[in-house]
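To start, the structure itself, in structure tokens.
Values quoted throughout were computed directly from the atomic coordinates according to the rules given, and no laboratory measurement underlies them. Owing to the predicted nature of the structure, the values given are computational and were not obtained by experimental measurement. Here the Cβ is made from the backbone with ideal geometry for all residues, glycine too, and neighbour counts use every protein chain on show.
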Amino acid sequence: MDSAREGEAPEAAPLTRVVVRAPAKLNLQLAVGPLGQDGFHPLATVFHAVSLFDEVVAERRAEGGGPVVTVVGEGLADVPLDSSNLAWRAAEALAGEFGAAPDVALTIRKGIPVAGGMAGGSADAAAALVSCARLWGLSADRADLLRVAARLGSDVPFPLLGGTAVGTGRGDRLTPALTSGSFHWVFALSEQGLSTPAVYRRFDELNAGRQVAAPTVDERVMTAVRSGDVRALAAALSNDLQPAALSLRPALQGLLDIGADAGALAGLVSGSGPTVAFLVGDADAAMNLTVALSTSGMCRAVRYAEGPAPGARVVEAA
Ligand code: C5P
């Protein structure tokens, strides 16, 4: 007998494999307030997703036993494969929230520089949330995923949204921003990562004895992205963590100097670093800067990207 009732579409076979792509980010503005009782700093930040992507392939594990993680791409040695991997934790947290079995094989294809201050681990977690929700057929909406994401880390909600967005609280409370056009970015990657907690600690040390103001969003940044005005954006970019990152890694100043000499409109440390981001006027300027940075011998690699880029989305489901 046909199992589909009359008038109803036959039930689709359960998915066995879902591929989700999620973007890297930089902070166009990162305003940091005083250390709170909870061990976190209140932020006012403007996230901007760029066209460097990680992909997460989620596949059913009929044998059970919880999540397993495999990583392919660059910087593999620095990505954990156990429960300290954010994508693994994302799968477990989502399963816990919806009463699903967390049995999934996650393959992370890295396109985002590892340990770079571009939130690659957070992109993987966001991609894992979207792929597992689809694979397991959960009735999780965007708000559910954003809630689980915020528990995993301050930077995890943003790659779900992508585009450009204001982040407040720990950076996890998001409001999408209007933008026009696209911006061209060049990223200089460093040999060694920088620890986010260590950069925040240095921020506290550098500001010891001073009154740190409550962070506010810079309207100049918002106006620049809304009008697509690259020169106005260049003048408005800011990162309160930059002095701390430069103090821990003085060589980053050399990269900023190369960018200024090679015609970048602006340069700044991306998030807590050590990646340095440069805003350029067009793809030709990006090429000139890429050559200057690559031949300097001062960075591990150079990447070009455009922003804003879309948030985590399914690119394959079977
Ligand atoms: O949330 P996430 O795991 O990225 O934070 C890592 C660490 O960075 C925190 O434990 C905290 O020390 C520091 N942090 C902070 N204020 C924030 C975000 C992160 O002090 N808003």
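Can you spot a residue in the range 176-191 that is closer than 16 Å to Ala49 by Cβ, within 11 Å of the ligand (Cβ to nearest atom), not in a strand (DSSP E or B) and not β-branched (Val, Ile, Thr)? Within the range 176-191 (the criterion being closer than 16 Å to Ala49 by Cβ, within 11 Å of the ligand (Cβ to nearest atom), not in a strand (DSSP E or B) and not β-branched (Val, Ile, Thr)), the answer is no, since none of the residues qualifies.
Sub-6 Å Cβ pairs linking a first residue in the range 116-145 that is touching a residue at least 24 places away in the same chain (Cβ under 8 Å) and surrounded by 24 or more Cβ atoms within 10 Å (Cβ to Cβ) to a second residue that is small (Gly, Ala, Ser) and assigned to a helix (DSSP H, G or I), at least 6 apart or interchain, are Asp124/Ala87; Ala125/Ala87; Ala125/Ala90; Ala128/Ala87; Ala128/Ala90; Ala128/Ala91; Leu129/Ala90; Cys132/Ala91, ordered by first then second residue. Residues that are of a type in the set (A, V, I, L, M), within 10 Å of the ligand (Cβ to nearest atom) and in contact (Cβ under 8 Å) with a residue 60 or more places away in the chain within the range 192-206 comprise just one, Val199. Scanning the range 249-260 for residues that are surrounded by 17 or more Cβ atoms within 10 Å (Cβ to Cβ) and either among the acidic types (Asp, Glu) or in contact (Cβ under 8 Å) with a residue 24 or more places away in the chain (or both) turns up Arg249, Leu252, Leu255, Ile258, Gly259.
Quick test for you: out of Leu43, Leu52, Leu35, Leu28, pick the one residue that is in contact with a helix residue (DSSP H, G or I) (Cβ under 6 Å, 6 or more places away or on another chain), of a type outside the set (D, E, K, R) and closer than 26 Å to Ala232 by Cα.
After ruling out the rest, the residue left standing is Leu28.
Between Gly209, Gly273, Gly263, the distinction of being part of a loop (DSSP other than H, G, I, E, B), under 17 Å from Thr45 (Cβ atoms) and either of a type outside the set (Ser, Thr, Tyr) or free of Cβ contacts under 8 Å to residues at least 24 places away in the same chain (or both) belongs to Gly273 only.
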